[in-house]
1. Run through the stretch 68-131 and list the GluC sites (Glu not before Pro) located in a DSSP loop whose Cβ has at most 13 other Cβ atoms within 10 Å.
2. Could you report the chain's accessible area per residue, 1.4 Å probe, as an integer in Å²?
3. Taking the Cβ of Glu51 as the centre, find all other residues whose Cβ is under 15 Å away and add up their charges (Lys, Arg: +1; Asp, Glu: -1).
4. How big is the stretch 1-95 on each of its three principal axes, counting only the C-alpha atoms and giving the largest first in Å?
5. For Asp109, what residues show an amide H to amide H distance below 5 Å, using hydrogens built from the backbone and excluding near sequence neighbours?
6. Given the Cα-Cα distance of Gln41 and Arg66 and 0.36 nm per residue of separation, how much length would full extension add, in nm?
7. Distance in nm between label sites at Glu121 and Lys79, each 7 Å beyond Cα in the beta-carbon direction?
8. Counting only residues 5 or more places away or on other chains, whose amide H sits under 5 Å from the amide H of Gly124 once H atoms are built in the peptide plane?
Amino acid sequence: FHGRLYLLSFRGGSNFTGEQHDSWAMQQPLRLIDGSHLMAQEIVGEGLFLESEQAVTIRYRQGGERCKPAGRGHSNSLKKLLLEHLIEPWWRDRVPLIFLDQQLIAVADLWVCENWQVQPEEIGIKIHWHDNSL
């Protein structure tokens with residue numbers, strides 16, 4: 001893909017349907033069904049404007065999701081944003097989407113949606129998505 005060779009290990013690959021979802025309190029890493037995992041880190045001036053004890057829901061792309069990345073002039077479909085950011089085709093349906101109360105607030109560690117980003121002096125929750133590429 002784009003001149004690079006990838007070696008992947010999709011654990012649980014045959015069990016992945018994209019319909020799975022997990023609740024995540026963010027104090028501990030979350031292992032996802034495909035073997036990748038999410039971690040959260042408190043940091044000043046970056047990430048999500050959330051209380052560290054707030055639980056979020058992790059879902060996967062179903063189609064029709066939209067996000068306006070913080071600082072961007074307009075929203076786009078998630079499909080267009082993933083293509084624009086050259087996300088590898090095999091990851092596009094597996095990118096963890098972070099929801100709070102049915103609202104998409106972040107897309108893995110790729111971007112935070114508008115109105116959910118912290119201000120420069122505030123403490124935020126930075127998400128780290130560790131995929132299982134070898």
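The values are calculated or read from the model by the stated rules, or taken from the named source; none is laboratory data. These numbers were taken from a predicted model, which means no experiment stands behind them. Every residue, glycine among them, receives a Cβ derived from its backbone with ideal geometry; neighbour counts consider all protein chains shown. Surface areas here come from the heavy atoms of the whole protein model, side chains and all, with no ligands, DNA or RNA. Shrake-Rupley method; radii C 1.70, N 1.55, O 1.52, S 1.80 Å.
1. Working: sites: Glu84, Glu114, Glu121, Glu122; in loops: Glu114, Glu121, Glu122.
Here the sparse-neighbourhood loop sites are Glu121, Glu122.
2. Numbers: 7660 Å² over 134 residues.
In whole numbers, the chain has 57 Å² accessible per residue.
3. Numbers: positive: Lys126; negative: Glu42, Glu53, Asp101, Glu122.
That works out to -3.
4. Dimensions of the stretch 1-95 along the principal axes of its Cα atoms: 38, 35, 26 Å.
5. When sequence neighbours closer than 5 places are left aside, the close amide H contacts are Trp129.
6. Values: separation 25, 0.36 × 25 = 9.00 nm, distance 2.51 nm.
Contour length minus the Cα-Cα distance gives 6.5 nm.
7. With each label point 7 Å from Cα toward Cβ, the separation is 4.4 nm.
8. Hits under the 5 Å cutoff: Ile43, Val44, Gly45, Glu46.
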